[in-house]
């Protein structure tokens, strides 16, 4: 089924794009949630207007995310953990721990935005990246000390 996207949808396309999707996906999800409209002759004349509205919304969202990234940048988080005789942590500091510590500072992010390769299992300072949107990132410092 041919549809016109009214909102940017990751892995599908940008607003104003004419795409082919399965009928059920369009009928049951995209159209009822106003993410898309059917690609009729009448609706195809609205593509330019949809693209302009989407560009304004995209700029607004990017500005909000950049302001939020500025709030996160430079934030320092400290964790106290038990260590063994070789100074290795019992347990680790994970993305969920970082999200909880940020929430205590009134910064709400989802744990999927925290980019660490693996949980932190050593003492020291680490730079952690927070990916907020398309090419909008912030970095914070995580310091792990022994108990």
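Key figures for this structure:
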{"quantity": "Qualifying residues in segment 123-147 (those that are surrounded by 13 or more Cβ atoms within 10 Å (Cβ to Cβ) and over 19 Å from residue 71 (Cα atoms)) - the one nearest to the chain's Cα centre (by Cα)", "calculated": "144"}
{"quantity": "Condition met for residue 7 (in contact (Cβ under 8 Å) with a residue 24 or more places away in the chain, within 30 Å of residue 103 (Cα to Cα) and in a loop (DSSP other than H, G, I, E, B))", "calculated": "yes"}
{"quantity": "Residue 54 in contact with a helix residue (DSSP H, G or I) (Cβ under 7 Å, 6 or more places away or on another chain) and surrounded by 14 or more Cβ atoms within 10 Å (Cβ to Cβ)", "calculated": "no"}
{"quantity": "Subset of segment 30-46 (residues that are within 27 Å of the chain's Cα centre (by Cα) and within 12 Å of residue 3 (Cα to Cα))", "calculated": "30, 31, 34, 35, 36, 37"}
{"quantity": "Residue identified as in the same structural domain as residue 19 (by TED's automatic domain parsing) and at pLDDT below 90 among 87, 48", "calculated": "48"}
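The values are calculated or read from the model by the stated rules, or taken from the named source; none is laboratory data. Nothing here was measured: the structure is a model prediction, and the numbers come from that model. Neighbour counts are summed over all protein chains in view; Cβ atoms, including those assigned to glycine, are modelled from backbone coordinates with ideal geometry.
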